[in-house]
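The values are calculated or read from the model by the stated rules, or taken from the named source; none is laboratory data. If you're wondering where the values come from, they're calculated on a predicted model, not measured in any experiment. For the accessible areas, the whole protein counts, side chains as well, though only heavy atoms, and no ligand, DNA or RNA atoms are used. Shrake-Rupley method; radii C 1.70, N 1.55, O 1.52, S 1.80 Å.
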Amino acid sequence: MPVYSDGLGLDVTAASGEAASAFGSTVDGYVRFTRDVGDRLKDTLTADPDMPLAHVTKGYFMKLFGTKAMAMRADKALGTATELFARLDTTEREQGHLVALGAWCAGDIDGAADAWERILLDHPKDMLALRLAHFAHFYAGNGGKMRDSVARVLHAWDRSHPLYGNLIGMYGFGLEEAGEYRRGERYAREAVEIDPKDAWSVHAVAHVMEMEGRHREGIDWIKGLEPHWNSVHNFRFHVWWHRALFHLERYELEEVMALYDAQVASDLEADQYLDVVNAAALLWRLELYGLQVGPERWAQLAALAEKHMDDHELIFVSLHYLMALLGAGRLAEAGEMIEKLRAYAKEEGTRDQTQARITGKVGLALADAMTAIRTGSPARAVTLIWPLRDDIRLIGGSHAQRDVFEEMLVDAALKGGETAKARALLSERTEKKPNSAWSWERYGEALGAAGADGSSASRKAAELRTSAH
Ligand SMILES: [Fe+2]
């Protein structure tokens with residue numbers, strides 16, 4: 001079969017130039033989070049129903065939904081693609097993508113990431129491989145890999161490429177997750193200058209501000225660019241979630257609740273996992289900050305969660321579904337879900353199942369700890385989480401997202417009478433997050449409980465609550 005340019009600097013096997021450029025437009029839509037990305041892929045397959053890489057990409061998109069039902073459709077796309085690759089001449093790059101999809105469908109996300117990284121050695125402009133590797137490294141909780149994966153391809157890119165801004169925005173986010181805030185902010189801001197609609201990069205800057213406790217600045221940053229990033233698909237609710245988080249740190253709890261209702265949880269019927277992840281974590285945090293969020297909101301999330309009991313694509317996501325069930329007080333379903341996760345973790349021994357391994361290593365303990373918290377046994381939660389604190393990152397997600405687990409540990413330590421641990425955790429946390437009023441307030445409590453003077457920590461908390469941070 002002939003090859004044509006995809007318009008993004010790569011050759012792709014296709015029946016026509018029209019199909020190849022529709023494919024390029026699909027990759028462009030995926031990277032830019034456009035709402036019509038699914039239609040773009042359909043247009044590609046209409047132009048060439050046998051285009052090998054388009055079928056692999058269909059499989060990728062199905063896997064990205066993170067549900068069992070869609071994973072089965074990904075398996076089907078893999079079957080079609082495998083048959084096409086056997087029948088048609090394809091390039092080595094395309095064959096690399098087939099290997100990656102095969103590994104991913106088998107549950108071996110680490111293997112898929114290796115396949116994408118191998119492609120990038122010879123094809124550093126392969127944005128599809130790069131963005132998917134970014135995804136895999138993100139859900140491995142590996143900021144260093146997110147950063148370095150992009151750094152390794154920079155040699156091949158310049159501003160003339162239509163996705164250059166997105167590339168450096170991804171680099172900015174990787175730098176941020178690896179703790180390099182200055183460089184991360186510089187690259188992500190440059191990406192936003194190139195394209196203010198680049199929500200991933202807007203969000204990368206917000207992450208830097210979150211990590212550095214620049215809450216007021218973070219609100220202004222997100223507000224100032226809202227007309228741009230708010231045009232993207234459901235990822236926009238995650239940007240709203242970041243704004244809500246800044247308000248939360250400032251104890252503007254009414255504002256958080258209003259944003260929750262108007263934005264963060266405004267499209268739950270779309271049944272996208274990231275929406276539930278945002279919503280469940282925000283409700284859990286609001287309760288840690290002392291606000292009663294009401295049974296209806298939890299019930300709404302729990303109704304969605306129970307539909308995903310058998311989804312084990314990402315343990316990070318499953319833990320948020322569990323949060324929803326526990327928040328709603330549906331303990332029987334929560335227990336059922338944990339038993340399913342326990343059975344899933346055992347699959348690790350049968351083949352290389354990245355997520356099953358992490359579920360066994362960290363996920364189950366976190367699941368049991370959350371149940372302990374919600375059933376009045378906070379000390380047990382501390383016993384479960386404490387030994388694996390440093391491994392929580394393996395569940396993936398960002399530092400900002402995983403912070404809910406750190407906050408629940410702190411709260412459980414205080415409530416469970418684990419005074420020395422609470423004091424140690426908060427001593428660490430106030431160093432790391434000196435602008436966090438919530439942390440200083442609890443530090444004061446922990447010091448007091450340990451018989452020390454916690455008044456200056458409590459004063460610091462009061463100051464922060466009324467300051468402009
Ligand atoms: Fe984020």
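Summary of computed values
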{"read-out": "Probe 1.4 Å, all protein chains present, accessible-area order of Met1, Met170, largest first", "value": "Met1, Met170"}
{"read-out": "Under 25 Å from the Cα of Lys433 - lysines, other chains or at least 8 residues apart", "value": "Lys145, Lys223, Lys415, Lys421, Lys460"}
{"read-out": "Extent along principal axes [Cα atoms of the range 1-51; Å; largest to smallest]", "value": "31, 22, 12"}
{"read-out": "Evaluated over the range 95-163, the Cα radius of gyration and Dmax, each in Å", "value": "11.8, 38"}
{"read-out": "Cα-based equivalent ellipsoid of the range 426-466: semi-axis lengths in Å, sorted from largest, via gyration tensor", "value": "15, 12, 6"}
{"read-out": "Binned Cα-Cα distance frequencies in the range 1-154 - 10 Å width, integer %", "value": "12, 43, 38, 7"}
{"read-out": "The chain: relative contact order in percent, alpha carbon pairs under 8 Å with at least 6 residues between", "value": "11 percent"}
{"read-out": "Accessible area in square angstrom per residue, the range 141-233, 1.4 angstrom probe", "value": "37 Å²"}
{"read-out": "Stokes-Einstein D (µm²/s) once Rh is taken as the Kirkwood radius of the chain over alpha-carbon pairs, at 4 °C in 1.567 mPa s", "value": "56 µm²/s"}
{"read-out": "Alpha-carbon centroid distance for the pair the range 405-469 / the range 208-268, whole angstrom", "value": "25 Å"}
{"read-out": "Square roots of five times the Cα gyration tensor eigenvalues for the range 374-469, Å", "value": "22, 18, 10"}
{"read-out": "Probe 1.4 Å, all protein chains present, accessible-area order of Met211, Met72, largest first", "value": "Met72, Met211"}
{"read-out": "Helix-derived mean residue ellipticity, 222 nm - over the chain, DSSP H n ≥ 4, -39500 (n - 2.57), to 500", "value": "-21500 deg cm²/dmol"}
{"read-out": "Share of Cα-Cα pairs in the range 257-361 lying beyond 16 Å, as whole percent", "value": "56 percent"}
{"read-out": "Hull shadow area, averaged, the range 320-419 [alpha-carbon convex hull, nm²]", "value": "6.3 nm²"}
{"read-out": "Per residue accessible area in Å² of the range 234-368, where ligands, DNA and RNA are left out and the probe is 1.4 Å", "value": "33 Å²"}
{"read-out": "Most to least accessible of Lys460, Lys68, Lys307 (protein chains only, probe 1.4 Å)", "value": "Lys307, Lys68, Lys460"}
{"read-out": "Kirkwood estimate for the range 207-325, i.e. one over the average of 1/r between Cα atoms, Å", "value": "14.6 Å"}
{"read-out": "Surface share of carbon and sulfur [accessible, 1.4 angstrom probe, percent] for the chain", "value": "50 percent"}
{"read-out": "In Å², nearest 10: area of Ser5 left accessible to a 1.4 Å probe", "value": "70 Å²"}
{"read-out": "Accessible area expressed per residue, the range 35-112, with surrounding protein chains retained (probe 1.4 Å, Å²)", "value": "43 Å²"}
{"read-out": "Cα gyration tensor of the range 106-249 - equivalent ellipsoid semi-axes, whole Å, descending", "value": "26, 16, 14"}
{"read-out": "Among the listed pairs Lys42/Lys68; Lys63/Lys361; Lys125/Lys346, those beyond 31 Å (Cα-Cα)", "value": "Lys125/Lys346"}
{"read-out": "Nearest-ten-degree value, helix 181-194 long axis tilted from longest Cα axis of the chain", "value": "50 degrees"}
